[in-house]
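The structure appears below as structure tokens.
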Amino acid sequence: MKMTGAKAIVESLKREGVDTIFGIPGGQVLPLFDALYDAPFRFILTGHEQGAAHMADGYARATGKVGVCIATSGPGATNLVTGIATAYMDSAPMVALTGQVTRKMIGNDAFQEAPITEITKAITKHNFLVQDARELPEIIKSAFYIASSGRPGPVLIDLPKDVQTEEIEFKYPEKLNLNYKPVLKGHIGQIKKACELIHTAKRPVLYIGGGVIISGASELVYKLAEKIKTPVTMTLLGLGGFPSSHPLSLDMLGMHGTRYANYAVMEADLIIAIGARFDDRVTGKIDSFAPHAKVIHIDIDPTSISKSIDVDVPIVGDAKEVLKDLIANVKAPDTADWLKKINGWKKKYPLTYTKDNKLRPQYVIEEICDLTKNKAIITTEVGQNQMWAAQFYKYSLPRTFLSSGGLGTMGYGFPAAIGAKMGCPDKIVFDIAGDGSIQMNIQELITAVAYKVPVKVAILNNCYLGMVRQWQELFYKRRYSASDLKRNPDFVKIAEAYGALGIRVDKKKDVRSALQKAIKSPLPVFIDFVIEREENVSPIVPPGEALDQMIGGMA
Amino acid sequence: MKKHIISVLVENKSGVLSRIAALFAARGFNIDSLAVGETEDPKISRMTIVSEGEENVLEQVVKQLRRLIDVISVSDYTKKGLDYVGRELVLVKVDAPPSKRSEIIEIVDIFRAKTVDVSINTLSIEITGTDSKIQAFLDLMHNFKVREIVRTGKIAIVRENQSSGKKESKNE
Ligand SMILES: Cc1ncc(C[n+]2csc(CCOP(=O)(O)OP(=O)(O)O)c2C)c(N)n1
Ligand SMILES: [Mg+2]
């Protein structure tokens, strides 16, 4: 069939099962937008391209499908960059399409030209500058495959305007000719070695990360944990990978992890890492991380293995595939004494906060958790709000905690919530936000209102860049340099101006009813929770210290 | 720190070189030399990279190279202890006034190098060989006035008795 490049792109996206696209048009993508005009997709016009990228990311993380966003050349493309980098760091599958000046003009500093494939080389899994319209079907099929397979990530396709208008004979390839073939099955010899380590372990800990959720391996982790009677700790992105309410759950480890998770890791004689990468926020001082432990590391990305710590048994493969084989071969070690010790820690050092009549952020999150029965999709911004959302919402399901873990992007949570809600319309979706972060993509209120996406934003308003202030309090003699936000705007009025519902809560006793009202409302809602200004996230492992050197959280 | 010879097979496409160079640059590694050319299959190019750095960091770079979509295989000849034939071609332009000319030509002969251009004041010389031979030659040339040195970067081929039958692959 003969068609233009733009039509061929739309046709290819259809074949990939795309149903929603986020973005903003502009000069160099007009042919593509013309083809989108009667395409069978929902097109979501966002307020800013960064919003489009985070929405595609949130949609992807909530559904497991590839998120798609489109921007024009130059400033449109560069506005995507933070969103692409965010997706890259957290392995979210995304395809970003950008307009580009015509092939002849590339490199001439043409109007709205930016070398976006060069700019994004280090923050994409792969990218393409399309030089020949006939390659479009193959490139788009490759892009979706690369984005979603192996360790997923964003792929960018740069589309010169004249490539979009060129006529081609359209034929969608059945198969791809790529050298790229991720290893899925684990090496059985390595899996048997892992089993031997597990059989003789006395103090094993399962340490699971985002890879478990991406791979869809949570149920297998559950089976394994129960079979080998081993406690499970999660990274920030691993939350939801194992139910927090399970007796074997140690909740989150690391800088703001629980005391019991961090103690367990420091005393463990075996760490079984699955889809986690020993990030520095997790390990604390690297030389003293898990000093007594042998390490089994299961990961689909060989570059994650032995990157920051030495691994005894590396297993390259997809978590789901490897766990199937591991569970079939493994026998339970005797962990009775170990579990007794861990339960002692759990009783002695529970995650807690001051329970008085003041409006504290942890209480707000506990109430959200209670009202949504541990099943809402929670997105977060970055800062204290993010850590409280990780600590005090007790996740029970995978793909329900969406947060920018790797890049730590303020402004992620709100657009990600919109994307997640579009992908999962039956879920309640809350963005747990800070007053600073929410202002970084607040313009997406218009997107939520225009497309009737009733996401709920709980602004934990401390009138501070709170996490910055906390560090300044602890490590910079309370010199609050550029972290005070008393200048904040009126968030209720802002919500109302856009046509959303705005609610202000400054008393503890009003929290529950406000949340109920927000959940019931058919509108997007901003709730401005005026919280205790100097509440800290606790416990905290000071930077550069070992995990058992936590401050706070002694109950 | 040892110099490593890393041989990378890549898709013969635009943009591949900068991806590879960027990985080295990101770890602060200098690339001592880099030679690129088509292989027996015109769709595939081989890059021969000479670099030095901390063993474990270099290993990480090699893993990251393998992760690139356009990379077909990566082999660190040095780390694997492979026996290879390594060669480089160098062009040298040196001042050659009549008083020095015969002395220079004598050295060229001894090294089995070749004079490729002659002018009233200069000689241009081509030499190929191993690192040590080239280094020795250049050391001698520096007794004269060297105007210009142009090097291709090292290329290497693994000796047959070792590589036979074993195909290089991306995930070893
Ligand atoms: C885009 C971006 N800029 C700066 C930072 C550095 N930073 C980390 S936390 C934080 C403060 C966040 O303030 P707020 O959103 O009010 O959250 P709080 O910590 O008060 O809950 C800042 C500025 C960042 N993570 N992202
Ligand atoms: Mg704040």
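The values are calculated or read from the model by the stated rules, or taken from the named source; none is laboratory data. What you see is a predicted model, and the numbers here were worked out from it, not measured in a lab. For neighbour counting, all protein chains shown are included, and Cβ atoms are generated from backbone atoms with ideal geometry for every residue, glycine included. Just so you know, the surface numbers come from the protein's heavy atoms only, side chains and all, with ligands and any DNA or RNA stripped out. Shrake-Rupley method; radii C 1.70, N 1.55, O 1.52, S 1.80 Å.
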Next on the checklist: Just checking, does the stretch A:500-521 include any residue being in contact with a Pro (Cβ under 8 Å, 6 or more places away or on another chain) and buried (at least 17 other Cβ atoms within 10 Å of the Cβ)?
Outcome noted: yes
Next on the checklist: Among the residues that make up the stretch A:492-509, is at least one of them closer than 22 Å to A:THR409 by Cα, more than 14 Å from chain B (Cβ to nearest Cβ) and within 16 Å of ligand 1 (Cβ to nearest atom)?
Outcome noted: no
Checklist entry - Do any helices (runs of 4 or more DSSP H) lying entirely in the stretch B:28-122 carry at least 3 residues that are free of Cβ contacts under 8 Å to residues at least 24 places away in the same chain, away from chain A (no Cβ under 14 Å) and closer than 17 Å to B:LEU138 by Cα, and which ones are they? => result B:98-110
Checklist entry - within 16 Å of ligand 1 (Cβ to nearest atom), under 21 Å from A:THR86 (Cβ atoms) and in the same structural domain as A:LYS509 (by TED's automatic domain parsing), is that true of A:ALA448? => result no
Checklist entry - What is the residue count in the stretch A:135-155 for residues that are away from every other protein chain (no Cβ under 12 Å) and open to solvent by less than 30 Å² (accessible area, probe 1.4 Å)? => result 6
Checklist outcome for this item: Scanning the stretch B:23-50 residue by residue, the ones that are open to solvent by 70 Å² or more (accessible area, probe 1.4 Å), small (Gly, Ala, Ser) and closer than 15 Å to B:GLY153 by Cα total 0
Checklist outcome for this item: By residue number, the members of the stretch A:283-317 that are within 25 Å of the chain's Cα centre (by Cα), open to solvent by less than 30 Å² (accessible area, probe 1.4 Å), in contact (Cβ under 8 Å) with a residue 12 or more places away in the chain and within 14 Å of chain B (Cβ to nearest Cβ) are A:HIS297, A:ASP299, A:ASP301, A:SER304, A:ILE309, A:ILE315, A:GLY317
Next on the checklist: Here is a check on your reading of the model: is A:ALA225 within 29 Å of the chain's Cα centre (by Cα) and surrounded by 16 or more Cβ atoms within 10 Å (Cβ to Cβ)?
Outcome noted: yes
Checklist entry - For A:LYS456, are the conditions met, namely being open to solvent by 70 Å² or more (accessible area, probe 1.4 Å) and either more than 12 Å from ligand 1 (Cβ to nearest atom) or in contact with a Phe, Trp or Tyr (Cβ under 8 Å, 6 or more places away or on another chain) (or both)? => result no
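For the subset of the stretch B:2-19 comprising residues that are under 16 Å from the mean Cα position of the chain (by Cα) and open to solvent by less than 10 Å² (accessible area, probe 1.4 Å), which member is farthest from the other protein chains (Cβ to nearest Cβ)?
Ranking the qualifying residues of the stretch B:2-19, first place goes to B:ILE5.
Could you run through the stretch A:135-177 and say how many residues are part of a strand (DSSP E or B) and of a type in the set (D, E, K, R)?
Matching residues across the stretch A:135-177 total 3.
Quick one: how many residues across the stretch A:440-451 are over 18 Å from A:SER403 (Cβ atoms) and either part of a strand (DSSP E or B) or open to solvent by 10 Å² or more (accessible area, probe 1.4 Å) (or both)?
6
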Checklist entry - So is A:ILE428 open to solvent by less than 50 Å² (accessible area, probe 1.4 Å) and under 19 Å from the mean Cα position of the chain (by Cα) or not? => result no
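Any residue that is outside any loop (DSSP other than H, G, I, E, B), out of contact with any Lys or Arg (no Cβ under 9 Å at 6 or more places or on another chain), touching a residue at least 60 places away in the same chain (Cβ under 8 Å) and open to solvent by less than 10 Å² (accessible area, probe 1.4 Å) - is there at least one of those in the stretch A:178-190?
no
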Checklist entry - Residues in the stretch A:396-413: is at least one within 16 Å of ligand 2 (Cβ to nearest atom) and not in a loop (DSSP other than H, G, I, E, B)? => result yes
Item to check | Failed criterion for A:VAL364 (all others in (1) part of a loop (DSSP other than H, G, I, E, B); (2) within 29 Å of A:HIS48 (Cβ to Cβ); (3) within 15 Å of ligand 2 (Cβ to nearest atom) hold) | outcome: (1)
Checklist entry - Could you list, in sequence order, the residues of the stretch A:1-41 that are open to solvent by less than 40 Å² (accessible area, probe 1.4 Å), of a type outside the set (Gly, Ala, Ser) and part of a loop (DSSP other than H, G, I, E, B)? => result A:VAL18, A:ILE24, A:PHE41
Item to check | Residue among A:TYR412, A:TYR353 that is hydroxyl-bearing (Ser, Thr, Tyr), within 12 Å of ligand 1 (Cβ to nearest atom) and more than 17 Å from A:GLY64 (Cα to Cα) | outcome: A:TYR412
Next on the checklist: Against the conditions (1) open to solvent by 70 Å² or more (accessible area, probe 1.4 Å); (2) closer than 30 Å to B:ASN12 by Cβ, where does B:GLY53 fall short? Just the number, please.
Outcome noted: (1)
Checklist outcome for this item: From the option list B:VAL71, B:VAL116, B:VAL158, B:VAL90, single residue qualifying as under 17 Å from B:ALA35 (Cβ atoms) and open to solvent by 20 Å² or more (accessible area, probe 1.4 Å) is B:VAL158
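Regarding A:TRP388, is this residue within 16 Å of ligand 2 (Cβ to nearest atom) and more than 14 Å from chain B (Cβ to nearest Cβ)?
yes
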Next on the checklist: I'd like to check something: does the stretch A:463-483 contain any residue that is in contact (Cβ under 8 Å) with a residue 40 or more places away in the chain, crowded, with 18+ Cβ neighbours inside 10 Å and away from ligand 1 (no atom under 16 Å from the Cβ)?
Outcome noted: no
Checklist entry - Looking only at the stretch A:244-255, which residues are in contact with a Gly (Cβ under 9 Å, 6 or more places away or on another chain) and not in a strand (DSSP E or B)? => result A:GLY254, A:MET255
Next on the checklist: Looking at the stretch A:414-451 only, could you name the residues that are within 16 Å of ligand 2 (Cβ to nearest atom) and of a type in the set (Val, Ile, Thr)?
Outcome noted: A:ILE432, A:ILE438, A:ILE442
